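Colleague: Provided herewith is a single structure, encoded as structure tokens, for subsequent inquiry.
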């Protein structure tokens, strides 16, 4: 195993990547598509369905990645402070719906909406005397009415969720194909989905499609770049246009390297913690 770094499960779960996770006294339990994952206090992960899971991205060479992204004192500080933070390899459909819902929202609202979606449309399981709801299959959400989806607290995003689910169900978007594409080709494809812009596409690609060169740029990340990297990335406007996003991404890859998505996670985690923002 290449991964020399032991995973810090709490930091990794509480870094804005996942939302359908809960902790009891010792274990974390999370929904990942059609499976429930259990992580014990030692960081060992178990699929309730006994499926093979690479949720922890065990093949990531963390020594190489940390060395590659450690370009300056800011990111070095974040890496040191949150050692063991790992990017997950999520179920792509669940990840896509999660980040369509995330637009103009916060972690608590996203979590609440996703819980309502799983309770309304997902299959119920009882494990260790706990009730779990799996994430609905694309067909289930594709066949739901916009009003039914809206009742889950997703507001204007309901039609996007329905249309995105239809596209996946009808195989107009093929996640397995996108995993094999390079960043630019995958992004062109995934941005065809209604409700998926640059930032949402980068989240889906980073957290579920093996694109470690994706660097989601939301308002938090723009503030971080302005605060710590004003010389490297000159950002002169509050709203980032399509072209500016693309150019900024190119500069970020040139600066942080091919694993810049990991730099994003460490910086995002550090800044939100500095502001005592709520996680799961």
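What follows draws every value from the coordinates through simple rules; no lab data is involved. Keep in mind the model is a prediction, meaning the values are calculated, not measured. Here the Cβ is made from the backbone with ideal geometry for all residues, glycine too, and neighbour counts use every protein chain on show.
Colleague: Most mobile of 202, 91, 185 per a Gaussian network model of the chain (Cα springs, under 10 Å)?
Modeller: 185
Colleague: Okay, moving on. Using Cα pairs under 8 angstrom and six or more residues apart, how large is the relative contact order of the stretch 97-192, in percent?
Modeller: 22 percent.
Colleague: What whole number of Å gives the distance from the Cα centroid of the stretch 234-280 to the Cα centroid of the stretch 24-80?
Modeller: One Cα centre to the other: 21 Å.
Colleague: Could you identify which residue out of 126, 80, 41 has the top mean-square fluctuation in a GNM of the chain using Cα springs shorter than 10 Å?
Modeller: 126
Colleague: Taking the mean number of other Cβ atoms within 10 Å as a proxy for protection, how do you rank 214-220, 14-20, 167-173 from highest to lowest? Kindly include the intermediate steps, with their values, before the conclusion.
Modeller: Numbers: 214-220: 20.6, 14-20: 23.1, 167-173: 15.7.
By packing density, highest mean first, the sequence is 14-20, 214-220, 167-173.
Colleague: Let me ask another. I'd like the distance separating the alpha-carbon centroids of the stretch 113-152 and the stretch 187-204, in whole Å.
Modeller: That distance is 23 Å.
Colleague: Highest GNM mean-square fluctuation, the chain, Cα pairs closer than 10 Å: which of 139, 119, 236?
Modeller: 236
Colleague: Please list the equivalent ellipsoid semi-axes of the stretch 165-207, computed as the square roots of five times the alpha-carbon gyration tensor eigenvalues, in descending order and whole angstrom. It would help to have the intermediate numbers written out before the result.
Modeller: Details: eigenvalues 45, 33, 14 Å².
That gives 15, 13, 8 Å for the three semi-axes.
Colleague: Further question on the same structure: May I ask you to derive the relative contact order of the chain, considering only C-alpha pairs under 8 Å and at least 6 residues apart, and to give it as an integer percent?
Modeller: 22
Colleague: Rounded to whole Å and ordered largest first, report the semi-axes of the equivalent ellipsoid of the stretch 213-254 derived from its Cα gyration tensor (root of 5λ). Can you show the working numbers first?
Modeller: Numbers: eigenvalues 37, 29, 21 Å².
So the equivalent ellipsoid measures 14, 12, 10 Å along its semi-axes.
Colleague: Here is a further query. How big is the Kirkwood radius of the stretch 1-105, worked out from every pair of different alpha carbons and given in Å to one decimal?
Modeller: After inverting the mean inverse Cα-Cα distance, the result is 15.0 Å.
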